[in-house]
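These notes are about the structure you will find just below.
The values are calculated or read from the model by the stated rules, or taken from the named source; none is laboratory data. Computed from a prediction, not measured in an experiment: that's the story for all the values here. Cβ coordinates were reconstructed from backbone atoms using ideal geometry, including for glycine residues, and neighbour counts include every protein chain displayed.
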């Protein structure tokens, strides 16, 4: 992947995440609490670090996770005097580690939110059920 392709991908992801943040801010902070899906939010952060945090309504943390993920991908441009195979391996392991951390953070945050607000998601014979108390 060339630098040009990487920069295009970064730009597209930044535009998507930025537009999602603007839409969320337009809805206001007084929105009613809704249950979070820990598995979905964790998987979203595995695909794009920061997306699960965004779905958990943690917009600042989402940007941090996203920027760190991009910085890890761009960092090989600044590493010199390393064999190409070693450089790629280090960066891939670092990116994978960050994605795993982001996944765990999104999952645990969603689960903690649901427990704090007495939300429970569970499987039924005919689909997914939800219970909550006001």
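Listed here are the residues, each with its yes/no results for (1) surrounded by 13 or more Cβ atoms within 10 Å (Cβ to Cβ); (2) modelled with pLDDT under 90.
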| position | (1), (2) |
| --- | --- |
| 86 | no, yes |
| 90 | yes, yes |
| 95 | yes, yes |
| 102 | yes, no |
| 106 | yes, no |
| 110 | yes, no |
| 115 | no, yes |
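State whether the residues of the range 9-28 include one that is exposed (fewer than 12 other Cβ atoms within 10 Å of the Cβ), modelled with pLDDT under 90, out of contact with any helix residue (DSSP H, G or I) (no Cβ under 9 Å at 6 or more places or on another chain) and within 22 Å of residue 117 (Cα to Cα). Within the range 9-28 (the criterion being exposed (fewer than 12 other Cβ atoms within 10 Å of the Cβ), modelled with pLDDT under 90, out of contact with any helix residue (DSSP H, G or I) (no Cβ under 9 Å at 6 or more places or on another chain) and within 22 Å of residue 117 (Cα to Cα)), the answer is yes, since at least one residue qualifies.
Considering only residues of the range 50-78 that are at pLDDT below 75 and surrounded by 12 or more Cβ atoms within 10 Å (Cβ to Cβ), which is farthest from residue 40 (Cα to Cα)? It comes out as 76.
Could you tell me whether any residue of the range 118-127 is assigned to a strand (DSSP E or B), at pLDDT below 65, surrounded by 14 or more Cβ atoms within 10 Å (Cβ to Cβ) and touching a helix residue (DSSP H, G or I) at 6+ places or on another chain (Cβ under 8 Å)? Yes, the range 118-127 has at least one match. Total residues in the range 52-63 satisfying the condition of being in contact (Cβ under 8 Å) with a residue 40 or more places away in the chain and closer than 13 Å to residue 110 by Cα: the figure is 5.
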